[in-house]
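Chemist: Got a structure for you, questions after.
The values are calculated or read from the model by the stated rules, or taken from the named source; none is laboratory data. As the structure is a prediction and not an experimental result, all values here were calculated from the model. Reconstructed Cβ throughout: ideal geometry from the backbone, glycine too, with neighbour counts over all protein chains shown. Ligands, DNA and RNA are stripped out before the accessible areas are found, and what is left, the full protein with its side chains, is counted by its heavy atoms. Shrake-Rupley method; radii C 1.70, N 1.55, O 1.52, S 1.80 Å.
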Amino acid sequence: TLHSLDSWGGAGPVASGSAVLRSVGGMQNQAIMGWGTLNPEPSRGSFDFATLDRRVALMRSTGGTPVITVCCSPDWMKGGAPGTTDWSKLEVAPTPDHFADFAELARQVALRYPDVHDYLVWNELKGFWNTPRNRFDYESYTVLYNDVYSALKSVNPNIRVGGPYVPILSGTSASTMSHPSALRGSWGVIDQRSLDVVTYWRQHALGADFVAIDGSSASRSGNQFPDEYTASAKLEAISGWVAQQTALPVWWSEWYVLPSGVDRIWGPQRRASVLADGLLHIMRGGGTTALGWQPEADSSCEACLWTSTAVPGGGQMTPWASALQEVVRPFHAGPPLLRATASNTQVDVFASPVDLLIVNRTGRALRVGVAQSVVTVPAYGVMRTATP
């Protein structure tokens, strides 16, 4: 995103942060315009890929699997004057008469970076809202998606393309929502309008290599219900619903499990514990990929992997990065997680055929009996142990 391992950071902190990113591994994503990159095509046929080049080079240098989000669109594609950029209109969608132009921009990006094989189309359906019908304009989005899909596949049929990158909205109860769905639990109720986007897109997309969604364990009103750990079961339920609709891999383009502002209230270990629990719920529901938003800290550090590189001594690994290593190593690209239980209901247990991962949901150390052994899990600890 906007703050990352860029050249204007201190040389030492950038090198340290790069080592953290390299140690965590996995996929790294960058938008073609915004969130760290400037306008890639200020006027028709006049390209400026300098900032995107730097971010792709960063992904390459730190050993990440590069992913590009084809969003957002230059101003001249949405009513602005050629050669200008109004960043207040970043989230405005291109007009239908410029969908083909936007697809051509995507094609130029794919030609420029032949080693990038994964593309997300657009971001959270920004600008695609049908006000009269009070729902997402999934029809127009799917037209744009199909144009971009065809353009990318024309460069290389092996490029993987996914959408619809829809935010999965929710509420605390069906009685307080205008469009409640049947997908609900102790964590609340999913908004049917979000699910309708997935359904329509699946039925009308020319093709897809994965399904992309995003969401939060909190409701639209910001409630973390009933608590931050139980609320993460929402992400598991959503992953499971999508996985039931299609055999395609399920991607979380963004995912959030921390209440707003907790970086100033909770300690880093508690935040790491909640994040690990949320990620594991995504995986247990069938999610195959989860991209964390903003890995570098700026004024806050809710889910950052390294501290700010703009300050002396920055670029240091956070407890969440350390916990992420513990999550990724035993479970990344492995078989689906198995059900497991522990003697203490104050921990969450996740199992693979070879490893157990225990998340302590409390601020005190707990002795826990699990899988015929007894272990002590530190306060808000994320502990891995072998499956007997």
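Chemist: May I have the convex hull volume per residue, in Å³, for the Cα set of segment 14-159? Display every interim value, and only then the final one.
Modeler: Numbers: hull volume 18.0 nm³, N = 146.
In segment 14-159, the Cα convex hull volume per residue is 123 Å³.
Chemist: Hey, got the Cα dimensions of segment 136-210 along the principal axes, in Å, largest first?
Modeler: If we take the Cα atoms of segment 136-210, the spans are 48, 22, 16 Å.
Chemist: Averaged per residue, what accessible area in Å² does the chain show with a 1.4 Å probe, protein chains only?
Modeler: Numbers: 15840 Å² over 388 residues.
Here the per-residue accessible area is 41 Å².
Chemist: Tell me the carbon and sulfur percent of the accessible area for the chain, rounded to whole percent, probe radius 1.4 Å. Write down the numbers at each step before the final one.
Modeler: Details: 8380 of 15840 Å².
Answer for the chain is 53 percent, counting heavy atoms of protein chains only.
Chemist: Report the convex hull volume per residue for segment 94-232, counting only C-alpha atoms, in Å³. Let's see the in-between values first.
Modeler: Numbers: hull volume 16.9 nm³, N = 139.
Dividing the Cα hull volume of segment 94-232 by its residue count gives 122 Å³.
Chemist: While we're here: Note down the relative contact order for segment 54-182 as a percent, whole number, built from C-alpha pairs under 8 angstrom at least six residues apart. Can you show the working numbers first?
Modeler: On the way: 157 pairs, mean separation 32.6, N = 129.
Relative contact order of segment 54-182: 25 percent.
Chemist: Please quote Rg/Rh for segment 348-388 to two decimal places, taking the Kirkwood radius as Rh and restricting both calculations to Cα atoms. The partial results should precede the final answer.
Modeler: Details: Rg = 9.6 Å, Rh = 10.1 Å.
Checking Rg against Rh, the ratio lands at 0.95.
Chemist: Helix 319-331 sits at what angle to the longest principal axis of the chain, using alpha carbons and giving 0 to 90 degrees rounded to 10?
Modeler: That works out to roughly 90 degrees.
Chemist: State, as an integer percentage, the relative contact order of segment 81-148 based on alpha-carbon contacts under 8 Å between residues 6 or more apart.
Modeler: Numbers: 39 pairs, mean separation 27.7, N = 68.
For segment 81-148, the relative contact order is 41 percent.
Chemist: Measure nothing fancy, just the Cα-based angle from helix 11-24's long axis to the longest principal axis of the chain, in degrees from 0 to 90, nearest 10.
Modeler: The helix 11-24 is inclined about 70 degrees to the chain.
Chemist: Still on this structure: When only C-alpha pairs under 8 Å and at least 6 residues apart count, what is the relative contact order of segment 232-388, in percent?
Modeler: Values: 294 pairs, mean separation 29.3, N = 157.
Value for segment 232-388: 19 percent.
Chemist: Quick one: give the max-minus-min coordinate of the C-alpha atoms of segment 169-210 along each principal axis, largest first, in Å.
Modeler: 37, 18, 13
Chemist: Same structure again: Once amide H atoms are placed 1.01 Å from N in the peptide plane, what residues at a sequence separation of 5 or more from Ser43, or on another chain, have their amide H within under 5 Å of its amide H?
Modeler: Answer set, sorted by chain and number: Gly83.
Chemist: Additional query: Among 117-129, 240-252, how do they line up by average Cβ neighbours within 10 Å per residue, starting with the highest? Working shown, then result.
Modeler: Details: 117-129: 21.0, 240-252: 17.6.
For the peptides 117-129, 240-252, the packing ranking is 117-129, 240-252.
Chemist: Here's another thing I want to ask about it. If you take the beta carbon distance between Asp227 and Asp48 as r and set R0 to 45 Å, what does 1/(1 + (r/R0)^6) give as a FRET efficiency, to the nearest 0.05? If you can, show how the numbers build up before the last one.
Modeler: Numbers: r = 47 Å, r/R0 = 1.05.
Calculated value: 0.45.
Chemist: Short version: ³J(HN,Hα) in whole Hz for each residue of segment 307-314, in order, from phi by Karplus 6.51 cos²θ - 1.76 cosθ + 1.60 (θ = phi - 60°), x for Gly and Pro, what are they?
Modeler: 6, 4, 8, 7, 10, x, x, x
Chemist: Give me the Kirkwood hydrodynamic radius of segment 34-91, using the inverse of the mean 1/r over all pairs of distinct Cα atoms, in Å to one decimal.
Modeler: On the way: mean 1/r = 0.0812 Å⁻¹.
Answer for segment 34-91: a Kirkwood hydrodynamic radius of 12.3 Å.
Chemist: Which of the lysines could a cross-linker span from Lys78 if the Cα-Cα distance has to be under 22 Å and same-chain partners fewer than 8 positions apart are dropped?
Modeler: Of all the lysines, those that pass the test against Lys78 - Cα under 22 Å, at least 8 places apart if same chain - are Lys89, Lys126.
Chemist: Ordered by residue, what ³J(HN,Hα) values in Hz, to whole numbers, does segment 196-205 give under the Karplus form 6.51 cos²θ - 1.76 cosθ + 1.60, where θ = phi - 60° and Gly and Pro are x?
Modeler: 4, 4, 4, 4, 5, 4, 4, 6, 10, 5
Chemist: Same structure again: Which whole number in µm²/s is D for the chain by Stokes-Einstein, with the Kirkwood Rh taken over Cα pairs at 37 °C and 0.692 mPa s? Can you show the working numbers first?
Modeler: On the way: Rh = 21.8 Å.
The calculation lands on 151 µm²/s.
Chemist: Sticking with this structure for a sec: Using only Cα atoms and rounding to the nearest 10 degrees, what angle (0 to 90) does helix 50-61 make with the longest principal axis of the chain?
Modeler: Roughly 40 degrees, rounded to the nearest 10.
Chemist: Something else now. Quickly rank 51-59, 108-116 as a protection proxy: mean count of other C-beta atoms within 10 Å, highest first.
Modeler: Values: 51-59: 18.2, 108-116: 16.4.
Sorting 51-59, 108-116 by mean packing, highest first, produces 51-59, 108-116.
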